[in-house]
1. What number of residues within the stretch 37-58 satisfy the criterion of being surrounded by 12 or more Cβ atoms within 10 Å (Cβ to Cβ), not in a strand (DSSP E or B) and not β-branched (Val, Ile, Thr)?
2. Cβ contacts < 7 Å: first residue within 13 Å of residue 14 (Cα to Cα), restricted to the stretch 61-73; second residue modelled with pLDDT under 95 and of a type in the set (Phe, Trp, Tyr), any location; separation 6+ or different chain. Result?
3. Answer yes or no as to whether residue 34 is free of Cβ contacts under 8 Å to residues at least 24 places away in the same chain, outside any loop (DSSP other than H, G, I, E, B), in contact with an Asp or Glu (Cβ under 9 Å, 6 or more places away or on another chain) and among the aliphatic types (A, V, I, L, M).
Amino acid sequence: MRRRLRIAALLGVVAAFVGWGLLGANRGWTKTSVARTVHDSVTELDGVVYDSRFVPGVDLLAGAMLLCAGVWGVSGRLGKR
């Protein structure tokens with residue numbers, strides 16, 4: 001049981017980093033909308049448009065790391081069987 005929990009914690013760390021990297025790897029807070037600058041050809045002005053998109057930040061990554069550390073800590077409390 002102890003070994004399985006530790007393997008699950010390590011797989012969770014790897015999955016969190018891979019998921020964070022594939023979804024955008026934002027080094028700030030998690031965003032649910034991203035600003036995009038568009039150029040209007042008629043008025044020659046630039047404007048900002050917000051696209052609805054999920055970009056995970058380090059807060060989500062830190063939460064996953066804390067969860068995996070908790071699983072690892074619980075596995076350390078279990079006796080070797």
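The values are calculated or read from the model by the stated rules, or taken from the named source; none is laboratory data. Because the structure is predicted, anything quoted here is derived from the model rather than measured. Here the Cβ positions follow ideal geometry from the backbone for every residue, glycine too, while neighbour counts run over all protein chains shown.
1. Quick first cut of the stretch 37-58, residues surrounded by 12 or more Cβ atoms within 10 Å (Cβ to Cβ) only: 53-58.
Those still in the list that are not in a strand (DSSP E or B) too: 56-58.
Restricting the remaining residues to those that are not β-branched (Val, Ile, Thr) gives 56-57.
Number satisfying all stated conditions: 2.
2. Taking only residues 6 or more apart or on different chains, the pairs are 61/20.
3. On the way: free of Cβ contacts under 8 Å to residues at least 24 places away in the same chain: yes; outside any loop (DSSP other than H, G, I, E, B): yes; in contact with an Asp or Glu (Cβ under 9 Å, 6 or more places away or on another chain): yes; among the aliphatic types (A, V, I, L, M): yes.
Yes: the conditions hold for residue 34.
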